[in-house]
Amino acid sequence: MSMNRMQSDIHSCTGGITARKTHPAIVCAIIRRVRFTHHHTPTRDVSTRRVQFTHHHPPAKNQHGFTVVELLISMAIGTILLLAIQGVVGRGLQTQEAVQTKNELTRQAHFAMQQMVNAVSRSNGLLLPSVENPNTAWPESVREFPPRTAFPGETAVLAVLLDHYQDLDNDGFPDADNDSDGRIDEDPGGDMTNDQAPGLFGIDDDNDGTVDEQHTQIFPGSSSIGPDDEDDDEDGYANEDLVDGIDGDGDGKFDEDIKTQTDGNDLAGVGGVDDDNDGHIDEGDENDDDEDGKVDEDWYDPVVFYLNGATLLKRIPIPLDVDGGGIKGTDVSLQPIAEHVTGFRVERIPQAGGRAVQVDLTLELTSPNTIETVSLTTRVRVGGAL
């Protein structure tokens, strides 16, 4: 800065001050300080020999909060995100529930199917479905649920003779050996299952839509009418078929509705034979089919699978006097083996060429909540595991 300029600044800035004998150099220093502060010009710190700056920023503009519109938009976006997340989580939970439901249905279906397969494969005889009866207009070899349109009264059922090795009371004798003589089903009565009902109690044996109907008539060629509970095939006649391997009543079945005197020879046991090897032939009552001095003491023990609503039940005879009056065919245990059944079909496969009897089984379960469905089908041979 030139000397003339400095003097001019001093002179212009010290107008009233110099009159009070203020030193011109001090006044100029003050002026320079003021100018630097206002114009952001550097000043020199004498003690540190550094150039220092003092900044004065104007107030920031547009410093304010969210507007109502911005808040509403933010809330809407957040809601959309939450709904999307909720949808993903919900679908995941539904998928998990569907998988768990199907697994449970599959477990039940396999368990129930295995129960039926075991019963058939360990049995010596298939009771239901029976063979077709040429004298009726409804099917008997196929039992199905839901019922077919043409047969709205039909029911699905499977019945076989009890496993000869089952011994629930652990007495050393099979439960099917009712008189514990080492022989099974050798001396049944006119009511072959000893349950005081036509056919199998509580079951529509002939698939005509009626259960345990009592309308026994005199069979052609017979002189008397039998009790209703001795109509073992629910065809309206009692005791019209002998144990001889012949279809005595022309209904397509063999030995299915026998008399108390099973072979019709009016002799105890097999005529002319010492049945019990006691040295005596045909001794005792003609209805004593095994010559042991007892009558009708060893009946048929059926294992029955049938529906009660949407629940598949297994009914098995037990060696206990459940309702008093001695052990009989109505002493049974009911076991639910599958729920939510929407389909059950049992078909007796026609025998050909002397082959063993076979059964086709179909079981379908459907969840009432997720509509998941499991269906199993198998074919099993009667007595195949014996």
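Figures for the structure shown
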{"quantity": "Qualifying positions in the stretch 157-206 - closer than 27 Å to T311 by Cα and among the hydroxyl-bearing types (S, T, Y)", "calculated": "T193"}
{"quantity": "Scan of the stretch 142-200 for residues that are of a type in the set (A, V, I, L, M) and open to solvent by 40 Å² or more (accessible area, probe 1.4 Å), ordered by number", "calculated": "A150, L168, I184"}
{"quantity": "Selected residue (only one of F145, F151, F201 is under 26 Å from V341 (Cα atoms), touching a strand residue (DSSP E or B) at 6+ places or on another chain (Cβ under 6 Å) and among the aromatic types (F, W, Y))", "calculated": "F145"}
{"quantity": "Candidate set: the stretch 82-124, residues that are in contact with a strand residue (DSSP E or B) (Cβ under 6 Å, 6 or more places away or on another chain) and among the β-branched types (V, I, T); chosen: the one surrounded by the most Cβ atoms within 10 Å (Cβ to Cβ)", "calculated": "V120"}
{"quantity": "Hits in the stretch 350-372 - residues which are among the β-branched types (V, I, T) and open to solvent by 60 Å² or more (accessible area, probe 1.4 Å)", "calculated": "I371"}
{"quantity": "Residue, modelled with the lowest pLDDT, within the stretch 269-291, restricted to residues that are surrounded by fewer than 17 Cβ atoms within 10 Å (Cβ to Cβ) and small (G, A, S)", "calculated": "G271"}
{"quantity": "Some residue of the stretch 297-305 being at pLDDT 80 or above and open to solvent by 30 Å² or more (accessible area, probe 1.4 Å)", "calculated": "yes"}
{"quantity": "Tally, over the stretch 314-352, of residues that are assigned to a loop (DSSP other than H, G, I, E, B) and among the basic types (K, R)", "calculated": "1"}
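The values are calculated or read from the model by the stated rules, or taken from the named source; none is laboratory data. Here the structure is a predicted model, which means the values were calculated and not measured. No Cβ is skipped: glycine too gets one built from the backbone with ideal geometry, and neighbour counts run over all protein chains shown. Keep in mind that these areas ignore ligands, DNA and RNA; they rest on the heavy atoms of the full protein, side chains included. Shrake-Rupley method; radii C 1.70, N 1.55, O 1.52, S 1.80 Å.
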